[in-house]
Amino acid sequence: MTTTKSKIKKTSPKNEANYLRIWKEMQRISHVALANATPPTPMIVGSPSTPLGNDVDPTKKMWYVSDGVCGFGWVVLGSGRTGFAQWLLKNKYGSKHYQWGGGYKGVSIWPSARDGFAETRQSLQLKEQVCSEIAKYLRSEGFDAWSESRID
């Protein structure tokens with residue numbers, strides 16, 4: 001039987017403690033960001049009165065969506081080669097980030113409540129605000145970081 005060495009280096013205890021500190025601060029910032037977030041713009045979802053209409057037919061079923069547009073938000077570390085990025089991958093806190101047409105570049109962090117981050121439900125606006133604050137914090141720690149989002 002052959003074994004292969006992992007491409008991810010072992011983390012020193014000092015770096016492990018620092019990375020865990022950063023991770024916990026990211027979680028804390030997500031909760032503060034959510035508490036300070038601008039509430040999402042609610043929307044009404046329904047059927048238009050004409051096939052290409054931009055109105056809602058009041059005679060058909062409608063839904064009120066208090067969280068506004070649904071979507072996804074994530075934070076990107078621009079380099080997957082930093083010790084912190086490698087630690088995120090090793091601990092399954094992040095995944096490889098792929099750029100359109102550019103291949104693998106960096107690590108994506110998808111903040112979720114199950115990982116201790118703020119519960120943003122399905123709201124695109126809340127996810128964008130929380131991810132933006134996390135990225136701002138990571139930049140203050142010296143990382144090349146930004147947030148991205150998309151409508152669901």
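Is there a residue in the stretch 98-108 that is surrounded by 15 or more Cβ atoms within 10 Å (Cβ to Cβ), within 18 Å of Ile22 (Cβ to Cβ), in contact with a Pro (Cβ under 8 Å, 6 or more places away or on another chain) and of a type in the set (A, V, I, L, M)?
Among the residues of the stretch 98-108, not one is surrounded by 15 or more Cβ atoms within 10 Å (Cβ to Cβ), within 18 Å of Ile22 (Cβ to Cβ), in contact with a Pro (Cβ under 8 Å, 6 or more places away or on another chain) and of a type in the set (A, V, I, L, M), which makes the answer no.
Taking strands (runs of 3 or more DSSP E) that do not extend beyond the stretch 54-152, which have at least 1 residues that are farther than 16 Å from Met26 by Cβ and without any contact (Cβ under 8 Å) to a residue 12 or more places away in the chain?
Output list reads 95-99, 103-109.
Do the conditions hold for Lys136, that is, is it over 18 Å from Gly71 (Cβ atoms) and at pLDDT 95 or above?
Answer is yes for this residue.
Failed condition for Leu89, given (1) at pLDDT 95 or above; (2) under 17 Å from Phe143 (Cβ atoms); (3) among the hydrophobic types (A, V, I, L, M, F, W, C), with all others met?
(1)
I need the full set of residues from the stretch 58-88 which are over 30 Å from Pro39 (Cα atoms), surrounded by fewer than 18 Cβ atoms within 10 Å (Cβ to Cβ) and of a type outside the set (Gly, Ala, Ser), in order please.
Hits for the stretch 58-88 are Arg81, Thr82.
The values are calculated or read from the model by the stated rules, or taken from the named source; none is laboratory data. Not measured: the values here are computed from a predicted model. Reconstructed Cβ throughout: ideal geometry from the backbone, glycine too, with neighbour counts over all protein chains shown.
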